[in-house]
Amino acid sequence: MTKPFALGAMARLLIVGIALGAAAWAATGAAEARLIARAGSIYVDVTPLREQGLGGYAEIVRGDLTQALQAEYAGRLRPGERLVALVRSLSLNDDGGGQTLSSTNDYLDGVVTLFGPNGQVLATQKILTVSPTSAGGAWYVPGAEQRRTGALAQSFASWARRYIPG
């Protein structure tokens, strides 16, 4: 008799687990919806950067790019339109103080898409922006890497505005 009861308890635990998982999934969607609402009609997706192990740095990129896109598109998007930028990769190369033979450029690769009020794609464009490693100032000054991502974000947003006027 205990085995059927144990199975029933296991089934109840499974149902509770599924319910908790569904609640967490719904909360994640709600959090993204709040983020989109807070950022106006602009959303930056850095999921590929997080999947590459860039975690907290991905959030810095998201913040820099969101701010740059908001500045470029301020008052230009129509009601209901949403601009989504997917950041696919980021490459910050070694500056080496000008003493290196490697690339002295940083790269930000992504796709920007403008959605209409009904979710229809109005325009989409792949963007690969390049910025010199020196864009962040002297490599030994604290914060140089974040200034470099800020320069990449500004460049990306500028190209997005040229391709997708809004």
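The values are calculated or read from the model by the stated rules, or taken from the named source; none is laboratory data. Note that the structure is a prediction, hence the values are computed from the model and not measured. We place every Cβ from the backbone using ideal geometry, glycine too, and count neighbours over all the protein chains shown. With ligands, DNA and RNA removed, areas are computed over all heavy atoms of the protein, side chains included. Shrake-Rupley method; radii C 1.70, N 1.55, O 1.52, S 1.80 Å.
In the context of the full protein assembly, residue 109 retains an accessible surface of approximately 30 Å², using a probe radius of 1.4 Å and ignoring ligands and nucleic acids.
For an R0 of 25 angstrom, estimate the FRET efficiency from the Cβ-Cβ distance between residue 146 and residue 77 and round to the nearest 0.05. About 0.40, to the nearest 0.05. Taking a sphere under 12 Å around the Cβ of residue 121 and counting the other residues whose Cβ falls inside, with K and R at +1 and D and E at -1, yields a net charge of 0. Annotation: amide H of residue 89 within the under-5 Å range of 109, sequence separation 5 or more or interchain, hydrogens built in the peptide plane.
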